[in-house]
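Asker: Handing you a structure now.
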Amino acid sequence: MRRTTARRRWRCMVGRVDKPCRWPIGRRVSDEATVGGASRRGDPTGMIEYVVGSSDQRLMFVQEVVDHFATYRQLRFWQREAGGSLFARFADKLVTVERATGPRPTDQRTRWSYRPDRAAEQNEIDEFHRVGLHFIGTWHTHPERDPSPSGIDLQSIAEAVVRSRHALNGFVLVVVGQRHPMEELFVAACDAAAVYPLARSPVSSPASYQEERRSA
């Protein structure tokens, strides 16, 4: 699976979302990264916005989701990998990620691997779909300052796009590193052929976050 720029091929994330996504069962998501406990909150947080390729769409993570990512950063050697699902609402050209689930008590988690409970995951997808929130992808953690997906991560998300029943053009992959998500976060749109890293909007750039910290 190759990595390319979002501007070249990625047009938009969604056509229609009138039915809930159906996951394949028993597929591994990742085999590297760590996290297990929650780190302390307290860093200034806010919404993060990304530009979706050459389309007019924007992908926005609300503060609750950003806080959730920050909580499970792997900042200690004993922390296990964490991850979960992303749920969003679609309105015109804006895709707003309002909920990030996981890690669940029934997920299989070690220092170097994360296997979600697929039955619990599907229950979440069905439950959130009933209230207008649609599954758009997954998130997980890596023990590195500048997070990037592993080869297994990329293969896994490509398989999910192909094998799952959904109405999206692809799924979103988020990798959370050790720095606060407002400073660094890997976000990509993925289809069966390639991964398209998304550029952060200037309104939620790391520079604006650093300025907020200095003035806090």
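Asker: Please state the charge dipole magnitude for region 75-216, taken about the Cα centre, from unit charges on C-beta atoms (+1 on K and R, -1 on D and E), reported in debye and rounded to the nearest 20.
Answerer: On the way: 18 positive and 18 negative charges, 47 e Å.
Computed charge dipole of region 75-216: roughly 220 debye.
Asker: Another question, then. Please work out how much length the chain gains when fully extended from Gln155 to Glu127, using 0.36 nm per residue of separation minus the C-alpha to C-alpha distance, in nm with one decimal.
Answerer: On the way: separation 28, 0.36 × 28 = 10.08 nm, distance 2.71 nm.
In short, 7.4 nm is gained.
Asker: So who's got an amide H within less than 5 Å of the one on Val195, skipping anything under 5 residues away but keeping other chains? H placed 1.01 Å off N, in plane.
Answerer: Hits under the 5 Å cutoff: Arg2, Arg3, Thr4.
Asker: For a quick check: with amide H placed at 1.01 Å from N, whose amide H comes under 5 Å from Arg73's, ignoring anything fewer than 5 positions away on the same chain?
Answerer: For Arg73, whose amide H was placed from the backbone, the distant partners under 5 Å are Ser39.
Values quoted throughout were computed directly from the atomic coordinates according to the rules given, and no laboratory measurement underlies them. None of these values were measured; they are calculated from a predicted model. Neighbour counts are summed over all protein chains in view; Cβ atoms, including those assigned to glycine, are modelled from backbone coordinates with ideal geometry.
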